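The values are calculated or read from the model by the stated rules, or taken from the named source; none is laboratory data. Every value quoted in this text rests on a predicted model; they were computed, and no experiment measured them. Cβ atoms come from the backbone with ideal geometry, glycine included; neighbour counts cover every protein chain shown.
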């Protein structure tokens, strides 16, 4: 068994699940409180989920836009003035465009060539760029808000990512994170069969302990709350079948055949095991970095 945590290099490791669906294990570091998949997996396509033409584009646009609006509403409650916003791992660009439409000077960056090409083809290249945010030269450029929506669970380099966000944030800037939460009701019910345990996800946080980890990395905790995304059954069934390595295929096919299209395409808000975390970069005079 791996002797060191890939996040903090700690040696106090416990087993949460000896075997997930794909024979890997889920371990937890008692030092940094982050859980990680073992053996370590590096999936170069982790950011490159392509929905293609298998799912109606209007369906994706509708639910992604509605979810973006919910995220922006929370951000607006912490920021009275709309200024600069960067969406890291922006995907198809829905949050970037909705933010721009509502008055933000918003930009996005993503490392998936295919996804960025789609986003730029639809929305232009002035706001959405291809690249690895952690390697991005910042110069004097800073942002008042950075968002990491469904990003941190894809990378072992979470500390590098958070440090880059901290460097890129203006003083008192806000970082908004949405990520699967091991403390969620759905994970406790489904255990190792939780849909978030899939081949793309390698890091997992717990809402009860992630505050200490973020504080150690120089952030002030503003809020940690369960987050309801907007979905419909067509999207959920498609994603379940695409990302769960065949575990749910039989069940998905039955529902697709039984449920009318009007039912499958009705939008609704759902708690499906993710939390929204809002943290703030303190003033430079108050910033204290603790060593792990």
For residue 115, only one of the following conditions fails: (1) over 24 Å from residue 199 (Cβ atoms); (2) modelled with pLDDT under 95. What is its number? (1)
Here the residues within the stretch 233-254 that are at pLDDT 90 or above and more than 20 Å from residue 187 (Cα to Cα) are 254
Does residue 242 count as over 20 Å from residue 16 (Cβ atoms) and either assigned by TED's automatic domain parsing to the domain that holds residue 69 or crowded, with 19+ Cβ neighbours inside 10 Å (or both)? no
Among 47, 21, which is the only one that is at pLDDT below 95, touching a helix residue (DSSP H, G or I) at 6+ places or on another chain (Cβ under 9 Å) and either buried (at least 19 other Cβ atoms within 10 Å of the Cβ) or within 22 Å of residue 165 (Cα to Cα) (or both)? 47
